[in-house]
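Note sheet for the following structure.
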Amino acid sequence: MLTHCIIRLIFVLMRHFLLFLVMAFLLNLTACEENVEQVEGKQRPDPSLCVFSQGECVKTVAEIELRFTMTPSHAPSEKPLILKLLSSSPISNVQMRLEGRDMFMGIIPVNVRQVDEMNYIGQMVYGSCSSGYMVWRGFVSFTLNGKPQTVIFDFLADNNIE
């Protein structure tokens, strides 16, 4: 009697497993076509990003303009970069840092040197990201007329958009 129950249980389980196996096989066949073309859609660039290869990135805070330029303009990873800041009014105590906008990549300090009261130059190097799309966010803190101010700017690393 026990043997009969075990054989019956195996038969019932195998019937469901066999049905599952046939469905998985058919699903696999319908998902595959020989002549499928992968069309690479052109992504629309994010309008909030600074594109240094197209010129200066201009940000306004507290009624002054800050103009950023980067060399090399395509912002390559793991290479020394020079970031220039030109202010429309005298500012002081300028500090900069980079962080990943969409993923944590650490905090990258930017070594800032004052050229004059409206010009600053910073040097930095950041690491590469394996995802192929890495947006960095720059934080610039400064003092304007005795009051602390902050401005942010975002840019795409390894940006080959002209």
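The values are calculated or read from the model by the stated rules, or taken from the named source; none is laboratory data. Computed from a prediction, not measured in an experiment: that's the story for all the values here. Please note that ligands, DNA and RNA were not included when accessible areas were found on the heavy atoms of the full protein model with its side chains. Shrake-Rupley method; radii C 1.70, N 1.55, O 1.52, S 1.80 Å.
Overview of results
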{"quantity": "Size-normalised alpha-carbon gyration radius of the range 63-106, reference 2.2 N^0.38 Å", "calculated": "1.40"}
{"quantity": "Per residue, in Å², the accessible surface of the range 42-137 once ligands and nucleic acids are set aside, probe 1.4 Å", "calculated": "60 Å²"}
